[in-house]
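Here the structure comes first, spelled out in structure tokens, and everything after it is commentary.
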Amino acid sequence: MMPRAGTRLSLFLLLTLLTSTVSLAEADKRPQVTLHTSQGDIVLALYPDKAPVTVANFLGYARSGFYDNTIFHRVIRRFAVQGGGYTKDLVEKPNGEPIVNEAKSSGLRNDRWTVAMARTADPDSARSQFFINMRMNLSLDARAGRAGYAVFGEVIDGQHVVRDIANSKTHAYGGFDDLPVEPILIESVTVAADQSTSPH
């Protein structure tokens with residue numbers, strides 16, 4: 001005997017609720033990293049299922065304290081803010097080995113508020129530096145004949161902080177074209193998944 005319309009509707013709503021609950025639970029399992037900056041906190045959710053190599057690389061730097069007291073050294077309004085490589089004295093920190101570019105395999109797009117790895121002209125040259133997209137930067141996505149820039153997470157809280165950073169006054173100085181006039185520091189980093197905090 002077929003269930004009545006009301007029963008079918010109840011079953012549908014129950015299944016929808018369960019599916020939503022599972023989706024939320026999966027989202028909660030994503031590693032979350034908080035960048036404690038001189039402008040405020042920025043919370044990132046990462047995608048290890050889509051960009052495992054890139055996420056592992058970023059978490060390695062985050063947990064080691066590498067990002068502590070580094071600056072956002074490239075800030076372009078309505079494009080991106082980039083950091084994770086230089087001290088406030090504009091000294092580049094020694095990096096680990098470069099990683100493979102997962103831009104094509106991940107299927108992730110350089111949408112607004114996503115976080116991606118910075119690199120040189122060599123597609124597989126990303127190390128520690130990353131950037132936050134301030135708009136939908138489709139020109140940075142992987143396409144036929146173009147390696148793209150590997151997205152590995154997104155800003156889930158503190159978008160106003162990123163916006164403030166993006167609106168900072170910049171100048172050309174010491175070989176940098178878009179350097180904030182007043183240094184903007186990543187003071188420390190917290191990885192929520194293991195509650196480890198890099199040294200202050």
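Miscellaneous remarks
- Residue tally, condition touching an Asp or Glu at 6+ places or on another chain (Cβ under 6 Å) and aromatic (F, W, Y), over the range 87-136: 1
- The range 110-125, residues that are under 13 Å from N137 (Cβ atoms), in a loop (DSSP other than H, G, I, E, B) and in contact with a Gly (Cβ under 9 Å, 6 or more places away or on another chain): N110, A118
- Within the range 132-149, being open to solvent by 10 Å² or more (accessible area, probe 1.4 Å) and closer than 23 Å to F66 by Cβ holds for one residue alone: Y149.
- Of all the listed residues (F58, F66), the sole one being within 20 Å of T190 (Cα to Cα), assigned to a loop (DSSP other than H, G, I, E, B) and at pLDDT 95 or above is F66.
- Criterion applied to E187, E182, E154 was being loosely packed, with under 14 Cβ neighbours inside 10 Å, among the charged types (D, E, K, R) and either without any contact (Cβ under 8 Å) to a residue 12 or more places away in the chain or over 14 Å from I76 (Cβ atoms) (or both), and the one residue passing it is E182.
- The single residue among A51, A45, A62 that is under 16 Å from M117 (Cα atoms), touching a Phe, Trp or Tyr at 6+ places or on another chain (Cβ under 6 Å), of a type in the set (G, A, S) and surrounded by 15 or more Cβ atoms within 10 Å (Cβ to Cβ) turns out to be A51.
- Residue count for the range 147-187 under the criterion of being within 25 Å of A126 (Cα to Cα), of a type in the set (S, T, Y) and not in a strand (DSSP E or B): the result is 1.
- Residues in the range 87-97 that are open to solvent by 40 Å² or more (accessible area, probe 1.4 Å) and not hydrophobic (A, V, I, L, M, F, W, C) were compared, and the one that is nearest to S128 (Cα to Cα) is N95.
- S128 being open to solvent by 20 Å² or more (accessible area, probe 1.4 Å) and not in a strand (DSSP E or B): no
- Lone unmet requirement of (1) out of contact with any Lys or Arg (no Cβ under 6 Å at 6 or more places or on another chain); (2) among the polar types (S, T, N, Q); (3) open to solvent by less than 40 Å² (accessible area, probe 1.4 Å); (4) at pLDDT below 95 for Q195: (3)
- Residue selected from the range 80-97 under the condition part of a loop (DSSP other than H, G, I, E, B) and touching a residue at least 24 places away in the same chain (Cβ under 8 Å), by the criterion nearest to E182 (Cα to Cα): K88
- Residue within the range 45-68 that is closer than 19 Å to D164 by Cα and in contact (Cβ under 8 Å) with a residue 24 or more places away in the chain present: no
The values are calculated or read from the model by the stated rules, or taken from the named source; none is laboratory data. From a predicted model like this one, the values you see are computed outputs, not experimental measurements. Heads up, the Cβs are rebuilt from the backbone with ideal geometry, glycines too, and the neighbour counts pull from every protein chain shown. Quick note on the areas: whole protein, heavy atoms, side chains included, nothing else; ligands and nucleic acids left out. Shrake-Rupley method; radii C 1.70, N 1.55, O 1.52, S 1.80 Å.
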